[in-house]
Amino acid sequence: MNLFQYFEQEIKKAAEDIDLPEEALSLLPKISAEPPRDPSHGDVATNAAMVLAKPARKNPREIAQQIVDALGALDAVEEANIAGPGFINLKLSNVFWLDQLAAMLAQGGDYGRGLVSDGEKVNVEYVSANPTGPMHVGHCRGAVVGDALANLLEFAGFDVTKEYYVNDAGGQINVLAGSLFHRYREALGEDVGAVPEGMYPGDYLVLPAKKLVERHGDALVSMDEVERTDLLKDFAIDAMMDMIREDLAALNIHHDVFFSERSLHAQEGNQSKIDEMLDGLREQGLVYEGKLPPPKGETPEDWEDREQTLFRASDFGDDTDRALKKSNGDYTYFAADVAYFADKYAREFKRMVFVLGADHSGYAKRLKAVASAVAGDNATLDVLFCQLVKLLRDGQPVAMGKRSGNFVTLRDVVDEVGRDAVRFMMLYRKPEAPLDFDFAKVTEQSKDNPVFYVQYAHARIASTFRRVAEELPDLDVSADGLANADLGLLTDEGELGLIKKTAEFPRIIEQAAKADEPHRLAFYLYELASELHGHWTKGKEKPELRFINHENAQLTLSRLAMLRSMASIIASGLAIVGADAPEEMR
């Protein structure tokens, strides 16, 4: 249960029972219930009276008093107070919090699960790097954000498809084929010199080239150029996608669908999917022949001052209409984007999320325009942008990798610091904010290393249970034993604080899922771990607060029940992040 949502509903019920005009009642959706900024003010704060006062033409404190009177009758509410001009703060009873702990224990890893959706289909597309080389660190952040978001939405109850859009059409694939042919001739023993400018210089094409020689010998040298280019394209794309899948697997990322751009261009009968899309837009009057005005600022090389086939994107919120065909009759990249969205919509996805790099910031409006034109109000489209990652080592920029030729690969980073550190740290900033990733800091064992701090909290709990097994072997710490613990023995403010923090988990899941913000979970896990470590430290100074009390086995059992719920939530959170929850750390 999201307890804040529960109290929000109770607050709205109390407001509905007040004699208020319709104008005020129409603002009930704007009423919120959330943790107060200052914990000393209570457990739940609401803006209800402030929202309703103006349209009700009443003093906010007057409305607040009526709401407080109603809420004070709830068993869960110990105190209901009015602060300042009319804010309401609720202090909840210890019994209520212990009931929450009992629910956590009963639900285990399912606590907080499935609270947002009952199976709505969602498509999350992320990474979608050109298949022209290994994944670089710039792809890493979007890969982690997209994967963690997909995990989060699935935990929240959505039916999620993780999708990768393979850009296997266009000029970059011709360059890739040419680059592979250069390496192929090199593998045959020809003196071909350095990789020509404009081709892909990395060593990652050396092995595919050797495999080409093993399979075809020198046959490609004399092969018809068109036939050879087609063969090289297919072979290179397959080789690059195999490498990309391996790189992503090192980050524990596995997509459900790899969607080929070329499939949109492929002719089935006399039409491609892009042809079908264009015909559909024409029938709706959304395509016309016309000229685009020259773009502001520097004119792109591919801009043409001619009549073109245009999509009325500006009718749907875009800055300008968009070209669908080039002067040579080929479709533009945007035409493929439209057909791709139409294909997703035909697959019955009602919510679609695109995770893109910051260099694609101009795509948001055009993608949303496409969604509005194709799906109307029947589907939603969200676009997340991930800013750049700056790699450092002890504060100094990291040199480029040898494997790629001109950038640091994702695999270089994962191999050095490990999957868990990469995934957690890529989420430990909002994706729209630049991120400094220092190899030294993400491997140190300290509070300043968030992933270590969170995982250490889980390992610390596990070590407590191991100690109990040794020191109190007769104490039943099984699931049934913990379920029978006397939770009423948990009366220390620090213990209740841990329970309260743990009980925030469903709210974090709900808010993060609705806002497409998986980084909220990373922040929450760090805060939860910090509170656990802080209480542990208090136990060093005050033995009566220690989780293991040899003189009071029942109190120990109650505290272990609390720890078990915390461990379960840390494990659930880390699983969504994509990191392990270790039982011990060395």
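Numbers at a glance
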| quantity | calculated |
| --- | --- |
| The chain: angle of helix 94-107 to the longest principal axis, Cα-based, in degrees nearest 10 | 40 degrees |
| Gap separating the Cα centres of region 168-222 and region 447-466, nearest whole Å | 49 Å |
| Normalised contact order of the chain, rounded percent, pairs of Cα under 8 Å and 6 or more residues apart | 16 percent |
| Neighbour cut-off at most 10 other Cβ (10 Å), DSSP loop, trypsin sites (Lys or Arg not before Pro), region 1-96 | Arg37, Arg57 |
| Difference of contour (0.36 nm per residue) and Cα-Cα distance, Asp394 to Gln172 | 76.3 nm |
| For Cα extents along the principal axes in Å, calculated from these coordinates, the label among [x] 89, 48, 43; [y] 73, 72, 43; [z] 86, 65, 43 | [z] |
| Extension gain, Gln554 back to Ala575 (0.36 nm per residue minus Cα-Cα distance, nm) | 4.4 nm |
| FRET efficiency, 1/(1 + (r/R0)^6) with R0 22 Å, evaluated for Lys54 and Gln9 via beta carbons | 0.45 |
| 5 angstrom amide H check on Gly357, placed H, neighbours 5+ away | Cys386 |
| DSSP beta bridge pairing in the chain, given as percent antiparallel to the nearest 5 | 50 percent |
| Cβ-derived FRET efficiency at R0 25 Å, Glu34 paired with Asp110, nearest 0.05 | 0.55 |
| Note, ³J(HN,Hα) from phi for region 213-221, Karplus 6.51, -1.76, 1.60, rounded to Hz, x at Gly and Pro | 5, 4, 7, 10, x, 9, 4, 5, 5 |
| Full-stretch length increase - Val192, Glu416 - with 0.36 nm per residue and alpha-carbon distance subtracted | 77.2 nm |
| Table column - 3J(HN,Hα) (Hz), region 446-454, Karplus curve with 6.51, -1.76, 1.60, x for Gly and Pro | 7, 4, 6, 9, x, 5, 5, 4, 6 |
| Count of lysine pairs in region 446-577 with Cα separation under 29 Å (8 or more residues apart, or interchain) | 13 |
| Simple spin-label estimate for Asn270 and Ser26 in nanometres, 7 Å along Cα-Cβ | 5.5 nm |
| Phi to ³J(HN,Hα) by Karplus 6.51 cos²θ - 1.76 cosθ + 1.60 over region 69-80, Hz, x for Gly, Pro | 4, 6, 5, x, 7, 6, 4, 6, 9, 8, 9, 10 |
| Interchain or long-range residues, amide H under 5 Å from Phe259's placed H | Tyr164, Tyr165, Val166 |
| Cα-projected label distance for Leu74 with Arg282, points at 7 Å along beta-carbon direction, nm | 6.0 nm |
| Modelled FRET efficiency - R0 60 Å, Gln65 with Glu348, Cβ distances, 0.05 increments | 0.75 |
| Projected label distance in nm at Asp330 and Ser478, using a 7 Å step from Cα toward the beta-carbon | 6.8 nm |
| Amide H contacts of Val383 (H built 1.01 Å from N, under 5 Å, at least 5 apart or other chain) | Phe354 |
| Over 30 Å (Cα to Cα) - which of Lys13/Lys430; Lys162/Lys273; Lys365/Lys441; Lys58/Lys91 fall in this group | Lys13/Lys430; Lys365/Lys441 |
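None of the figures in this text is laboratory data; all of them are computed from the coordinates on show. Computed from a predicted structure; not experimentally measured. As a convention, Cβ positions derive from the backbone with ideal geometry for all residues, glycine included, and neighbour counts pool all protein chains shown.
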